[in-house]
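The values are calculated or read from the model by the stated rules, or taken from the named source; none is laboratory data. Note that this is a predicted model, so its numbers are computed, not measured. Counting neighbours? That spans all protein chains shown, and the Cβs are built from the backbone with ideal geometry, glycine included. Keep in mind that these areas ignore ligands, DNA and RNA; they rest on the heavy atoms of the full protein, side chains included. Shrake-Rupley method; radii C 1.70, N 1.55, O 1.52, S 1.80 Å.
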Amino acid sequence: TYGVGDLLGYFNPFKVPAGANDPDITVTPEHPLPIILVAGTAANAPFNWSVGAPVLANAGYKVYTFNYGNVTNNPNWPIQATDDIAVSASELATFVEQVKRDNNVDKVILIGHSQGGGIMPEYYINNLHGDQSVSQLIGIAPSNHGTDLDGIVYLKNIPILGPAIAPVVFRIIDLFGPAWIQQAMGSPIQDETYGGGDTRPGVLYTTIASKNDWVVTPYTQQALDGPNVTNIVLQDQYPYYNAGHIGIVFSAPVWDAVLGALAANPEANPLAVANAVAA
């Protein structure tokens with residue numbers, strides 16, 4: 001149901017979105033690589049992927065969802081993906097290996113939202129040898145190069161009071177999980193993740209951004225630099241597109257762009273690409 005997220009699903013983090021984790025759906029010669037959907041900060045699988053999972057399954061892909069980054073001892077806690085990004089990347093690495101074994105494949109495709117399409121899988125690819133297991137990363141409103149948190153990071157620049165106020169504000173935010181501040185501009189993990197370059201050979205990258213994003217700001221921070229990158233700004237194709245950071249993941253134009261990116265990946269669509277070349 002485009003435009004509508006599963007709000008009730010948010011409070012049941014173990015609910016599986018339609019089309020995901022379905023044993024009756026398998027990889028096929030047309031679509032031989034499984035897709036792992038990676039939720040954003042403070043979200044969870046059933047909420048984040050209530051639209052995307054069935055879209056991809058209906059298109060013939062084998063789809064997986066999972067939760068990560070729970071900083072509490074309560075597995076039913078709905079607010080996921082707030083733990084240290086390096087720890088979350090290790091959880092992703094473990095899940096990727098499980099999916100590879102279950103499907104007898106060497107690579108997977110990652111599609112993520114916010115942190116889940118940005119710095120966390122990028123950390124996995126760039127620092128944990130994930131480039132050997134990932135064919136493609138598609139980031140929807142990805143938090144790639146940090147956010148100014150709608151200007152909060154500039155508190156430290158306020159004369160006299162700034163240096164005293166900023167650490168207090170950041171410490172309060174950090175109480176809700178380290179991933180929040182780690183995604184701010186200037187965070188040490190930014191250099192750790194991107195210091196050797198944004199991309200790695202052999203991986204295809206697509207970023208999908210909205211100028212109306214109010215979380216990963218400015219929206220230009222979401223783009224990646226590399227020869228194997230496609231950066232999409234939705235308003236360039238749809239001038240009146242009005243979805244922001246949350247609504248973007250439920251909108252039809254986004255999933256059209258995702259399906260287009262998948263169709264252009266020879267490893268994800270080998271038969272379609274071969275037929276196109278033959279034609």
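If you scan region 115-129, which residues turn out to be open to solvent by less than 10 Å² (accessible area, probe 1.4 Å) and either in a helix (DSSP H, G or I) or not small (Gly, Ala, Ser) (or both)? Spell out the reasoning first.
Going through region 115-129, the residues open to solvent by less than 10 Å² (accessible area, probe 1.4 Å) turn out to be 115-122, 124-125.
Result: 115, 116, 117, 119, 120, 121, 122, 124, 125.
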Quick one: count up the residues across region 194-222 that are more than 19 Å from residue 109 (Cα to Cα), assigned to a loop (DSSP other than H, G, I, E, B) and either open to solvent by less than 40 Å² (accessible area, probe 1.4 Å) or hydrophobic (A, V, I, L, M, F, W, C) (or both).
7
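Return yes or no: is residue 1 within 17 Å of residue 117 (Cβ to Cβ) and of a type in the set (Val, Ile, Thr)? Walk me through it before giving the result.
Details: within 17 Å of residue 117 (Cβ to Cβ): no; of a type in the set (Val, Ile, Thr): yes.
For residue 1, the condition - within 17 Å of residue 117 (Cβ to Cβ) and of a type in the set (Val, Ile, Thr) - is not met.
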If you scan region 1-14, which residues turn out to be without any contact (Cβ under 8 Å) to a residue 60 or more places away in the chain and either within 23 Å of residue 109 (Cβ to Cβ) or open to solvent by less than 70 Å² (accessible area, probe 1.4 Å) (or both)?
6, 9
